[in-house]
Amino acid sequence: MEDVSLREQLRIVFNHIDKDQSGTLSVSEIEDGLKMLNLGYNIDSHSAAQEIWTECSKDQNVTYEAFLEWNIKKVSQRLAHSQATTMASLFISPAFRVVNLLKSFDKYIPEAHKRELQWCIDQISSGELYSVSQLPQLTRSASLIEQDSFQIINFFSKFEKENQLEIDEDFCIRKSRDRSNSSPGIIYKRSSTLPEIDSDIEDLKFNIFDLCTRLEENRATTCRFIADKIFEKWHLFKLMSINRKTFMKFTHEIAHGYKPLPYHSALHAADVMQCCNLFLTKGGIVVSARLEAIHITGLLLSALIHDVKHPGVTNGFLESTSDALAIQYNDKSVLENFHLAEAFKTAMKDDCNIFAGLAKEEYRILRHMVIQCVLKTDMSTHADQLGSIQTRLTLEMLPSNKQLLLESLLHAADISHSLREWEVHEKWSAMIQDEFFTQGDIEKSMGREIISLFDRNKASVPRLQLGYINAVILPYFTPLLNLMPELKEMQDNIEKNRDKWASEI
């Protein structure tokens, strides 16, 4: 039987066990057939036979077609699980392996050397192994030449790494508390330009498409509604001294800056904001990482603007065609730099300056935070982020790695539709594939060769989605969701969606 296809094997077995040639099977006949097939399911033949009977029986018996489809679905799911396990083992960073290896030495070395071993582990886990992150202290006896030398070094490096800006948390906390204690004013009142409807944006089963339907299919309004509701929930208008009327104008400009694309639209921005909010609330990240108002603002603002004015094509396309944007941003995270520039240009308008109430230091910190978060939505940084999550984001390390955490959460929310229930996930999958196929059509018209991901005539969407979940989603979200056990339902959704795609191949 090894030389014939699975469908042919199933036909042969079915004919063999269908003793009365009725074209249908009883439970006992199904069990006999499964024993003959021996396809390696994770349940015994008796239980499997009962499952087929429960799912597929009509008029007291199971047809050949039902027997065939059930077995093909199970084989596909088993292959999908096997591929996921293989892919997960490939996406483990060298640093993670080294750290685990060093930890295994702990019980073999003398007590006197354990502190040095832990120091080595901490240095690797910090991601700063090759950086000089602190300026040595000058002594009182330092010569004028030494003092000048240190000033020059400090001027050119500032010893503030681009992705690790020092945050004066005490200053930010004091500013937020001062505002919290101030009397409420008109700038904090809800805008009358948004509709008054009930929507539980903290529900794990939240469906952005349903909300958009209730808002008359207006994606921009949906985006503004979500932004206003979440900022209000966290009291950010007051804690960050954001004029609500100005915020409404800013979100109006941003939401309408999104083009009417299938995927990269204002609806996607709204969905990413809602997912970020889930991480903060249901995921408990605010408490476990000890986040302050400025961190929450940075994450949510990044989610709002992260794809504004997206043209519907990839960085790779812009770079390979020498597009004006690629030239302007030197082929470095082209779209992400573009989104950031457009958003901050909008905020520079007098009636859109949501940062006007911030102290200079707060603005500097918040701007840096948003820039780094949005830049990390570039999928070319995915592998590096995965390595950082594996080695630097443990529950104990969260408070000291807030910026890395925010970047990881935004990137996670940006690719999070696989965490949604099937109805929502399938819609988003079709939308992103629509954009990919449109880009593929453009490239074909230019005489360029394209990969199957962009070729509507060759792509197998179920197979592509299955590969995406196994290679991208599961390796990234497994360690991240371990930090948020309250979101187990989302982890379960990934598994269910993967099995659904596998059954459709």
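The values are calculated or read from the model by the stated rules, or taken from the named source; none is laboratory data. Just so it is clear, the structure is predicted and the values come from calculations on it, not from any experiment. Glycine gets a Cβ as well: all are built from the backbone with ideal geometry, and neighbour counts include every protein chain shown.
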Residue ID - surrounded by the most Cβ atoms within 10 Å (Cβ to Cβ), chosen from residues in segment 440-476 that are of a type in the set (Val, Ile, Thr) and more than 20 Å from MET490 (Cβ to Cβ): ILE450
Considering GLY467, GLY440, which residue is in a helix (DSSP H, G or I), closer than 30 Å to THR394 by Cα and small (Gly, Ala, Ser)? GLY467
Filtered residue count, segment 82-111, keeping only those that are of a type outside the set (D, E, K, R) and at pLDDT 80 or above: 8
Please count how many residues of segment 329-386 are under 18 Å from GLU407 (Cα atoms), among the polar types (S, T, N, Q), modelled with pLDDT of 95 or more and touching a helix residue (DSSP H, G or I) at 6+ places or on another chain (Cβ under 7 Å). 3
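In segment 393-410, how many are buried (at least 18 other Cβ atoms within 10 Å of the Cβ) and assigned to a loop (DSSP other than H, G, I, E, B)?
Narrowing segment 393-410 to residues buried (at least 18 other Cβ atoms within 10 Å of the Cβ): 393, 398, 401-410.
Going one step further and asking which of them are assigned to a loop (DSSP other than H, G, I, E, B), we end up with 393, 401.
So the answer is 2.
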For segment 458-476, pairs from a residue that is charged (D, E, K, R) to a residue that is surrounded by fewer than 21 Cβ atoms within 10 Å (Cβ to Cβ) and assigned to a loop (DSSP other than H, G, I, E, B), with Cβ under 6 Å and 6 or more apart or across chains, are ARG463/ILE505
I need every pair where a residue in segment 256-273 that is under 19 Å from PHE436 (Cβ atoms) has its Cβ under 6 Å from the Cβ of a residue that is assigned to a helix (DSSP H, G or I) and basic (Lys, Arg), sequence separation at least 6 or different chains. SER265/ARG219; LEU267/ARG219
Does at least one position in segment 298-308 carry a residue that is part of a helix (DSSP H, G or I), surrounded by fewer than 20 Cβ atoms within 10 Å (Cβ to Cβ) and not aromatic (Phe, Trp, Tyr)? no
Reported set for segment 231-256 where residues are hydroxyl-bearing (Ser, Thr, Tyr) and touching a Leu at 6+ places or on another chain (Cβ under 8 Å) is SER241, THR251
When you look at ILE187, is it among the hydrophobic types (A, V, I, L, M, F, W, C) and either modelled with pLDDT of 75 or more or farther than 22 Å from LYS245 by Cα (or both), yes or no? no
Go through segment 375-404 and report how many residues are within 12 Å of the chain's Cα centre (by Cα) and among the aliphatic types (A, V, I, L, M). 2
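How many of the residues in segment 198-226 are outside any helix (DSSP H, G or I) and touching a residue at least 24 places away in the same chain (Cβ under 8 Å)?
Counting residues in segment 198-226 that are outside any helix (DSSP H, G or I) and touching a residue at least 24 places away in the same chain (Cβ under 8 Å) gives 7.
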Selection status of ARG448, charged (D, E, K, R), within 17 Å of ALA430 (Cβ to Cβ), more than 15 Å from the chain's Cα centre (by Cα) and not in a helix (DSSP H, G or I): no
